[in-house]
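Only one structure is covered here, and it is reproduced in the block below.
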Amino acid sequence: MALFLLDHGAGNVQSLANSIRKLGYEFSWISSPADFDKASVCHIIYPLTCSYHGWYRHKVLIFPGQGAFHTAINCLTERGLLKPLYDYIQSGKPYFGICIGMQVLFASSAESPSTCGLGVIPCQIERFDDTTKPVPHMGWNNAEPIDPDSSSSEGVSSSNHYYFVHSYCARYDPEGSPEAARWAHSTTQYGQEVFMSTVRNGNVFGAQFHPEKSSIAGLAVIDTWIKQSLAGRAQAEPSRRTPRLPKPQDGFTKRIVACMDVRANDEGDLVVTKGDQYDVREKCSPSTSSLSSTTTVKAAGAVRNLGKPVALAARYFDSGADELCLLNITSFRHSPLQDQPMLAVVRAAAECVFVPLTIGGGIKDTVDPDGTKRTAVEVAGAYFRVGADKVSIGSEAVYAVEKLRAADGIPDGSSAIESISKVYGTQAVVVSIDPKRVYVDPATYDGPYKDELVHGRPDGLENERGKAWWYQCTVSGGRETRPVSVVQLAQGSQALGAGEIILNSIDRDGTGLGFDHGLIGLVKRAVTIPVVASSGAGTKEHFERVFVETDVEAALAAGIFHRGEVGIQEIKSAARQAGISVRS
Ligand code: 1PR
């Protein structure tokens with residue numbers, strides 16, 4: 001075996017493994033110091049999808065990283081992998097570091113100033129400025145090669161978008177930091193900051209974006225690098241680095257997210273379902289007289305079945321969804337980790353989906369049937385290992401923020417949000433909010449949420465005009481309201497370490513009336529992390545309006561996609577025509 005993947009024990013290594021299998025390569029894992037000695041210089045690899053196979057002269061290593069800088073360095077150190085990794089890189093053999101696997105090449109990171117990196121690239125990783133844009137930088141953006149016409153661009157092309165998810169970056173500053181800038185291979189602009197999206201020098205290549213999650217464009221980068229490295233192709237000398245002044249507009253795109261609410265139906269099969277205001281059961285049977293021979297009789301009270309999760313996930317990936325979400329919507333009842341059927345669903349979905357996958361439902365401390373206690377970090381880790389990129393926390397986030405507020409805003413580190421973001425990074429933790437409107441009389445209301453009141457617009461829906469309301473948070477799939485407002489939950493979640501918010505609306509869910517702009521505006525103004533608008537999409541114009549009017553980073557829909565009423569490409573074409581940047 002000539003291709004090796006480094007598993008440092010704290011990241012989503014499965015996604016890269018899936019991509020490499022998809023490309024037809026075989027590989028071995030490196031997870032202990034002894035594994036570094038496994039292969040000598042002559043090994044065989046069989047690219048399964050092409051007829052060519054033969055002896056390669058080189059051993060090549062990919063380190064797919066995710067998570068926090070200090071966690072990555074600590075895990076490498078504890079497993080005795082740091083020194084062998086450094087020696088491997090110094091020996092001149094090809095190395096490809098992805099995300100944190102690229103950042104560990106640097107001397108240090110502002111994320112954890114006391115932790116030393118490998119020091120191969122002599123500069124510090126810095127945090128993005130979050131005063132003018134949401135941080136993490138989460139989504140699809142361009143990467144512009146330093147030498148666009150060179151064959152050394154490793155498949156990176158300025159006409160493609162790549163998936164980024166990070167709060168820290170390597171600034172591109174040829175004048176202030178020329179030694180580090182020598183490594184720049186491509187640059188990306190986020191807001192008005194320009195950073196190195198890929199680095200390369202000699203045997204070392206690194207990508208800040210996740211090629212394994214960047215659809216066809218990302219797979220091409222991995223394939224090009226593996227082919228060139230296995231063939232021992234000489235690396236071109238780096239060209240002269242000149243400053244890249246920020247353009248008026250970055251290449252960051254709005255994301256279209258397809259969401260699948262998953263639960264067991266009455267036969268015990270996991271199905272994708274879809275509710276109206278969170279009620280997922282059929283309302284009534286169609287009258288038999290009006291049935292055509294192809295119509296399926298839907299029993300009143302049965303769980304709506306809109307398809308199989310893995311098949312739908314594959315369909316949405318093929319249709320160009322920028323991200324997918326799988327939510328286990330009944331996990332609040334019982335969700336032991338042992339034999340968790342959602343793990344198998346996520347594993348199978350991750351094998352055919354090469355864009356980010358968020359998994360939600362039951363991400364909390366649990367107890368298995370045999371009494372084994374599982375922490376929320378273990379539960380999240382199990383999902384990351386089978387191919388999830390982010391975990392979404394619902395009910396537990398509400399309880400955590402209640403606790404935080406009771407402690408005067410002083411976190412105690414015990415919540416699922418804190419513990420998972422500490423290990424896997426804030427960008428891996430999403431909070432899914434299920435708010436419900438509480439109508440009040442605007443003339444007399446003097447309650448605690450008067451600063452959060454939303455007023456029905458004169459040009460809005462008829463039944464909203466003249467009314468006012470605030471948004472109360474719920475748990476257990478909307479079944480129980482809690483004494484927390486949506487603004488308090490959003491701000492508390494960010495303070496605890498969440499990296500993104502999925503903002504549902506129980507009132508709009510499944511109605512097709514459009515996104516709730518009042519709700520979205522309220523939350524967007526309250527936080528600096530990315531917000532995904534969810535619930536109520538009925539037409540392609542709804543996406544256009546929500547992006548223009550609320551400047552939200554992403555918009556999610558379920559029902560219209562499951563029922564095939566509006567296509568993802570249709571939404572993207574309309575958005576493009578309206579001047580909204582979307583991934584092609
Ligand atoms: O509380 O951490 O176990 O997480 C449970 C998760 O399950 C939460 O993210 C919660 O939002 C979700 N959930 C629970 N019950 C339901 C339900 O529908 N009965 N689904 C539910 C939430 C909302 C969106 C939906 C959009 C778009 N579904 O996911 O996809 O509203 O729908 P639309 O485009 O058709 O309008 P925990």
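What is the set of long-range amide H partners of Ile393 at a cut-off below 5 Å, with H atoms built 1.01 Å from backbone N?
Amide H neighbours of Ile393: Val430, Val431, Ser432.
Counting other C-beta atoms within 10 Å, which of Trp470, Trp183, Trp29 has the fewest, and how do the rest follow?
The fewest-first ordering by Cβ neighbours comes to Trp29, Trp470, Trp183.
Counting every Cα pair in the stretch 350-446, what percent are over 22 Å apart?
Here the tail beyond 22 Å accounts for 41 percent of pairs.
In whole Hz, what ³J(HN,Hα) sequence does the stretch 174-184 give by Karplus (6.51, -1.76, 1.60; θ = phi - 60°), x for Gly and Pro?
Each residue of the stretch 174-184 in turn: x, 8, x, 9, x, 4, 6, 5, 4, 7, 4 Hz.
Name the residue farthest towards the positive end of the dipole of the chain from the options Leu312, Pro113, Tyr383, assuming +1 on Cβ of Lys and Arg, -1 on Cβ of Asp and Glu, about the Cα centre.
Going by the Cα projections, it comes out as Leu312.
Could you point to the residue in Ser415, Gly176, Gly567 farthest towards the positive end of the chain's charge dipole, with +1 and -1 charges on the Cβ of Lys/Arg and Asp/Glu respectively?
Checked the options; the winner is Gly567.
Under a plain spin-label model, where a point goes 7 Å from the Cα along Cα-to-Cβ, how far apart in nm are Ile410 and Ser177?
With each label placed 7 Å out from Cα toward Cβ, I get 3.6 nm.
Mind ranking 348-357, 531-540 by how tightly packed they are, going by the mean number of other C-beta atoms within 10 angstrom, highest first?
Put in order of decreasing packing, that is 531-540, 348-357.
If you place +1 on the Cβ of every Lys and Arg, -1 on the Cβ of every Asp and Glu, and leave all else neutral, what size is the dipole of the stretch 373-464 about its Cα centre, to the nearest 20 Debye?
580 debye
Please compute, for the alpha-carbon atoms of the stretch 122-208, the extent along each of the three principal axes and give them in descending order in Å.
Between the extreme Cα coordinates on each principal axis of the stretch 122-208 lie 37, 28, 19 Å.
In the structure shown, do any of Lys133/Lys390; Lys254/Lys524; Lys390/Lys422 have a Cα-Cα gap over 19 Å, and if so which?
In this structure, Lys133/Lys390 lie more than 19 Å apart at Cα.
Within a 10 angstrom radius of the beta carbon, how do Cys116, Cys259, Cys169 rank from fewest other beta carbons to most?
Cys116, Cys169, Cys259
Among Asn12, Ala557, Gly536, whose Cα sits farthest toward the positive end of the charge dipole of the chain (+1 at Cβ of Lys/Arg, -1 at Cβ of Asp/Glu, about the Cα centre)?
So the residue we want is Asn12.
For the stretch 317-386, what is Rg from Cα atoms divided by 2.2 N^0.38 Å, rounded to two decimals?
Taking N as the residue count of the stretch 317-386, the ratio is 1.16.
Sorted by packing (mean other beta-carbon atoms within 10 Å per residue), highest first, where do 457-465, 314-322, 413-421, 363-371 land? Working shown, then result.
Values: 457-465: 11.2, 314-322: 19.3, 413-421: 21.3, 363-371: 15.0.
Listed from highest to lowest mean packing, they are 413-421, 314-322, 363-371, 457-465.
Report, by chain and number, residues whose modeled amide H sits under 5 Å from the one on Ala554, excluding near sequence neighbours (fewer than 5 apart, same chain).
When sequence neighbours closer than 5 places are left aside, the close amide H contacts are Arg255, Val531, Ala533.
Need one number: % antiparallel among DSSP beta bridges in the chain, to the nearest 5. List each step's numbers first, then the result.
Numbers: 44 of 92 bridges.
Once the DSSP bridges in the chain are tallied, antiparallel ones form about 50 percent.
If eta is 1.306 mPa s and T is 10 °C, what Stokes-Einstein diffusion coefficient results for the stretch 507-584, Kirkwood Rh from Cα pairs, in µm²/s?
Once the numbers are plugged in, D ends up at 126 µm²/s.
To make sure I understand the rule: partners must be lysines, Cα under 26 Å from the Cα of Lys38, and not fewer than 8 residues away in the same chain. Which ones qualify?
Qualifying lysines at Cα under 26 Å: Lys22, Lys59, Lys83, Lys93, Lys227.
Kindly provide the helix-only [θ] at 222 nm of the chain, computed as the sum of -39,500 (n - 2.57) over DSSP H runs of four or more divided by all residues, to the nearest 500 deg cm²/dmol?
The helix-only estimate for the chain comes to -7500 deg cm²/dmol at 222 nm.
Using mean Cβ contacts within 10 Å as the protection proxy, how do 220-227, 304-311 order, highest first?
On the way: 220-227: 20.5, 304-311: 18.4.
The most tightly packed comes first, giving 220-227, 304-311.
For the stretch 311-397, give the magnitude of the charge dipole about the Cα centre (Cβ charges: +1 Lys/Arg, -1 Asp/Glu; no others), in debye to the nearest 20. All intermediate terms of the calculation are to be shown ahead of the outcome.
Numbers: 8 positive and 11 negative charges, 24 e Å.
Roughly 120 debye for the stretch 311-397.
Given a cut-off of under 8 Å on Cα pairs at least six residues apart, what relative contact order in percent is computed for the chain? Kindly include the intermediate steps, with their values, before the conclusion.
On the way: 1324 pairs, mean separation 69.9, N = 584.
Relative contact order for the chain comes out at 12 percent.
Which aspartates and glutamates have a Cα less than 15 Å from the Cα of Lys364, not counting those fewer than 8 places away in the same chain?
Reachable aspartates and glutamates: Glu378, Glu396, Glu418.
Rounded to two decimals, what is Rg over Rh for the stretch 395-548 when you use alpha-carbon atoms and the Kirkwood radius?
Values: Rg = 15.7 Å, Rh = 16.1 Å.
Taking Rg over the Kirkwood Rh, I get 0.98.
Any idea what the dipole of the chain comes to, in debye rounded to 20, about its Cα centre with Lys/Arg Cβ at +1 and Asp/Glu Cβ at -1?
For the chain, the charge dipole is close to 840 debye.
Stokes-Einstein diffusion coefficient for the chain at 37 °C in a medium of 0.692 mPa s, Rh from the Kirkwood formula over Cα pairs: what value in µm²/s?
Result for D is 132 µm²/s.
We did not get these values from a lab; they are worked out from the coordinates using the rules stated. Since the model is a prediction, treat every value here as computed from it, not as a measurement. Cβ sites come from the backbone with ideal geometry, for glycine too, and all protein chains shown count toward neighbours.
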